[in-house]
Amino acid sequence: MHRSVSKRRLLVVIGLASLVLLAGCTNAGIDGAASPGGDESDTTDPGSNGGSADDLAEAEWQAFEYDRAATYTYDVYMEGDGDGTIVWDVSDVTADEATVSLSYDVGETSYETTVTGATTDIQSQLAFSPAGAFLMVSLFSPTIGYFEGETLAVGNEWSVQTPDGSMRTAVTGIDAYAGVECYTGSIEVDGAVVHESCISPEVGLAPYVAYYEAGETTVSMELVDFSTN
């Protein structure tokens, strides 16, 4: 069954879009340069799925561009909709385009589609599908605005003043999901964590993301299976 986009999902999309714009607009106003957090070889992320800083070398973060034939399976949750699964399969990759097959089964909504085109075409076609909000928090996570082009290293952090308060972004550790190693990161506004993610330079996306409102999880995604085609 294909159900129309819920009010909650629409609000999430609008809210996350605002975060993306805020991140992009405020990069030039970062208050401090990256600050090392000590010896990376001794750093692990408490409560993580495993992994240490020795397992993942410093790397420059670049956004996902559908340039690898692979299948990604996420367990997901959205407040108001419940739990579910999203699978997208990237195939027929060339220098100019790719084909993406998307399967979405969350709460009472099931949806499947296949699109072919350039990266921007694929994004625009999928953005307003039932999976649009989840794709924005994973493939197009707001942390991209702070980390893209930066050399990721545990202990690095950035802060900026915004109309809503002081925003701080930090690289906090190393983790792994479905065999994909990633840098854990967080966004705080006035000291309260509003977003957590794990960013993978290897695959160009976030194997884990979560958003919080008043301390409660509103959206989460966790990569549970990854395979190259």
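The values are calculated or read from the model by the stated rules, or taken from the named source; none is laboratory data. The shown structure was predicted, so the numbers you read here are calculated from the model rather than taken from an experiment. We place every Cβ from the backbone using ideal geometry, glycine too, and count neighbours over all the protein chains shown. Protein only, heavy atoms only, side chains kept; ligands, DNA and RNA dropped before computing areas. Shrake-Rupley method; radii C 1.70, N 1.55, O 1.52, S 1.80 Å.
Take the Cβ atoms of Ala69 and Phe128, set R0 to 22 Å, and the FRET efficiency comes out at 0.30. How large a share of the accessible area of the range 58-125, in percent, is made up of carbon and sulfur atoms when the probe is 1.4 Å and the other protein chains stay in place? Solvent-exposed carbon and sulfur of the range 58-125 make up 38 percent of the total.
Put a dot 7 Å past the Cα of Ser110, heading toward its Cβ, do the same for Ala214, and the two dots end up 3.5 nm apart. At R0 = 35 Å, how high is the FRET efficiency between Ser166 and Ala118 if r is their beta carbon distance? Nearest 0.05 is fine. After rounding, the FRET efficiency stands at 0.35.
Rolling a 1.4 Å probe across the protein heavy atoms gives the range 151-229 an accessible surface of 36 Å² per residue. Taking 7 Å steps out from each Cα toward its Cβ at Val224 and Glu79 produces label points 2.3 nm apart. Share of carbon and sulfur in the accessible area of the range 180-222 stands at 42%, probe radius 1.4 Å.
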